[in-house]
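Working notes, structure below.
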Amino acid sequence: MRYLTAGESHGPQLTTIIEGLPSLLPITAEKINHDLKRRQGGHGRGRRMQIETDTVEIVAGVRHGQTLGSPVALVVTNDDWKHWTKIMGAEPLAEDVNPEDIKRQISRPRPGHADLVGGMKYGHRDLRNVLERSSARETTVRVAVGSVAKALLNELGISIVAHVTEIVGIKADTSLVEGKTVDEIRAIVEADPCYCVDPVASAKMVEAIDEAKKAGDSIGGVVEVIVEGMPAGVGSYVHYDRKLDAKLAAAMLSINAFKGVEFGLGFEMARRKGSEVHDEIIWTEEEGYTRATNRLGGLEGGMSTGMPIVVRGVMKPIPTLYKPLQSVDIETKEPFKASVERSDSCAVPAASVVAEHVIAWEIANVILEQFHSDQLPQLKAQIDEHRQYTKGF
């Protein structure tokens, strides 16, 4: 599978085209909209979330609730576009209009953003041409894409959920997810303001987010994605670009403001002995091959083990501050305080939703790479056969 997205933060719409989905996959806008709403939620979100109410329109590739096998096109309209039609319009400027008279031009790059380097790369003197596309607003349609991927995974017995494990050093008790299914974890997460499974830690996170907002500052954190029901042996050890953990790491780091990724015990492995890291293999007639522990996060040698996949991502504090950092005007070269766009004091809860969906896409993609089928029923049969094969191997 593959997809492309198009659109700017204050443009008329965000668009994506997905190619390679099997036919006969049930898809509805209602399910996608549920995930889009979750992306807009979470404590710490800014005023933009009050302006936009993201809903998707399925404009191609689906008929009567099922995919056709042809490309699926999704559109999310930007409600705020009506206030930006002259500033972000696609038509050339009239001859009597001075480009420098257009409102909201930006010549002061914000530290931590793509503004300055993006302007250098594409030759833009108005840095709005950079920030409009580099904005995390683009993740809206990536969540929509991931929601479609989750619909596919659900049909194949694979479920996925994300939750916040840490914000500005406040750590959740992650043992609270042990013994719970993905559905049970999701029920807790969706009822929590920080999308956290630990209510005590969540209350502290809320206080920290509110304090950061009052101070004109921002804070980051860590999110965790759990994938259950993954068949063993998906991915490959034979080439670097076919390793499943490498694909998942790339997906996590492709999210705006994400700067680190780990699996299972992650960086804690550096502080433990081998006997405290690797997962012993066991076999039973009922379950086939499993592991006594899951310290490696469901991955060995670039392949899934059949255990739950556990991957975490680190999100830095959002660099757009209401107490802005120093920058330099690219026109005058004089020092200035960086310009301020609408922003969040903390977007970690929302980012956990994005992480869930980009990981869902990668999981669905590697499944379709390994189990080729143009139709959903054939795909399900192939994976059922593979599960039986690995169980009795």
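Ranking request for peptides 153-159, 348-354: highest mean number of other beta-carbon atoms within 10 Å first, then the rest in descending order. Before the final figure, lay out the partial values.
Working: 153-159: 19.0, 348-354: 28.4.
Descending mean neighbour count gives 348-354, 153-159.
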Accessible area per residue in Å² at 1.4 Å probe, computed on the chain: 50 Å²
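So for each of 192-198, 261-267 I average, over its residues, the number of other beta carbons within 10 Å; can you give me the resulting order with the highest mean first?
Order by mean packing, descending: 192-198, 261-267.
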Degrees, to the nearest 10: 139-155 long Cα axis against longest axis of the chain: 20 degrees
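Provide the gained length on full extension for the span ILE87 to ASP374, in nm with one decimal, where the gain is 0.36 nm per separating residue minus the Cα-Cα distance.
Working: separation 287, 0.36 × 287 = 103.32 nm, distance 4.38 nm.
That works out to 98.9 nm of additional length.
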In nm, spacing of pseudo-spin labels at ASP384 and LYS337 (7 Å Cα→C-beta vector): 6.4 nm
Calculated semi-axes √(5λ) of the Cα gyration tensor in Å (choose from (i) 31, 27, 20; (ii) 38, 26, 19; (iii) 43, 25, 18), label: (ii)
Separation of alpha-carbon centers, segment 66-131 and segment 1-29, rounded to whole Å: 20 Å
Segment 86-242 - percent of accessible surface contributed by carbon and sulfur, probe 1.4 Å: 52 percent
Degrees, to the nearest 10: 348-370 long Cα axis against longest axis of the chain: 50 degrees
Ordering of 228-237, 64-73, 274-283 by burial proxy (mean other Cβ atoms within 10 Å per residue, highest first): 228-237, 64-73, 274-283
Between 0 and 90°, nearest 10: helix 244-253 axis offset from the chain longest Cα axis: 20 degrees
Virtual spin-label span in nm between GLN13 and ASP96, 7 Å along Cα→Cβ: 3.3 nm
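Quantify, in whole percent, the carbon and sulfur part of the accessible surface of segment 257-393 (1.4 Å probe; protein heavy atoms only). All intermediate terms of the calculation are to be shown ahead of the outcome.
On the way: 3780 of 6960 Å².
Carbon plus sulfur share of accessible area: 54 percent.
The values are calculated or read from the model by the stated rules, or taken from the named source; none is laboratory data. Since the structure is predicted, the reported quantities are computational estimates derived from the model, not experimental observations. Glycine also receives a Cβ, built like all others from the backbone with ideal geometry; neighbour counts cover every protein chain displayed. Ligands, DNA and RNA are excluded from the accessible area calculation, which covers all protein heavy atoms including side chains. Shrake-Rupley method; radii C 1.70, N 1.55, O 1.52, S 1.80 Å.
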